[in-house]
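A quick write-up on the structure given underneath.
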Amino acid sequence: MLLQVIEGKFSVCKVENLRAVNFNVPWLFVGKTDAEISVVCLTADVPHATLAREDGWRALRVAGRMDFGLTGVMAGLSTALARAGISLFAVSTFDTDYILIKAENLAPALEALEESGYMIEGAAR
């Protein structure tokens, strides 16, 4: 399976309402539940009115479009990283999965993933 390293640093934050979010930025994931609204975006695009934020993430994308019947993708990624003692933050879209890893753990994460048989594209270590 091919993973693509996405350029840029990302942030995960919490906002009070969606009015704070700029939907015209290139990277934006929004998760809304009855308890919170979470946003993942490039650090440069973090909304000004955040309730909380965690900076310093890097992102990897599972390359290509994934069928909804495909199983074990996230389990494989998380297992490889867990063995290396590296935590992740996962986001899924209609087409594929993304994992965010703290920037200081990117190089060892890529190494652990390669050792588990994943191919890495765009790996700026």
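The values are calculated or read from the model by the stated rules, or taken from the named source; none is laboratory data. Computed from a predicted structure; not experimentally measured. In this analysis, Cβ positions are derived from the backbone assuming ideal geometry, glycine residues included, and neighbour counts consider all displayed protein chains. Ligands, DNA and RNA are excluded from the accessible area calculation, which covers all protein heavy atoms including side chains. Shrake-Rupley method; radii C 1.70, N 1.55, O 1.52, S 1.80 Å.
Mind listing whichever residues of segment 93-125 are open to solvent by 50 Å² or more (accessible area, probe 1.4 Å), in contact (Cβ under 8 Å) with a residue 12 or more places away in the chain and either within 19 Å of K32 (Cα to Cα) or of a type in the set (D, E) (or both)?
T93, D95, E104, E111, E115, E121
Do any strands (runs of 3 or more DSSP E) entirely within segment 12-108 hold 3 or more residues that are modelled with pLDDT of 95 or more, and if so, which?
So the answer is 28-32, 37-42, 50-62, 97-102.
Which residues, counting only those in segment 28-46, are open to solvent by 30 Å² or more (accessible area, probe 1.4 Å) and under 11 Å from the mean Cα position of the chain (by Cα)?
L28, F29, L42
If L81 satisfies every condition in (1) surrounded by 13 or more Cβ atoms within 10 Å (Cβ to Cβ); (2) touching a strand residue (DSSP E or B) at 6+ places or on another chain (Cβ under 6 Å) but one, which is the exception?
All conditions pass for L81, except number (2).
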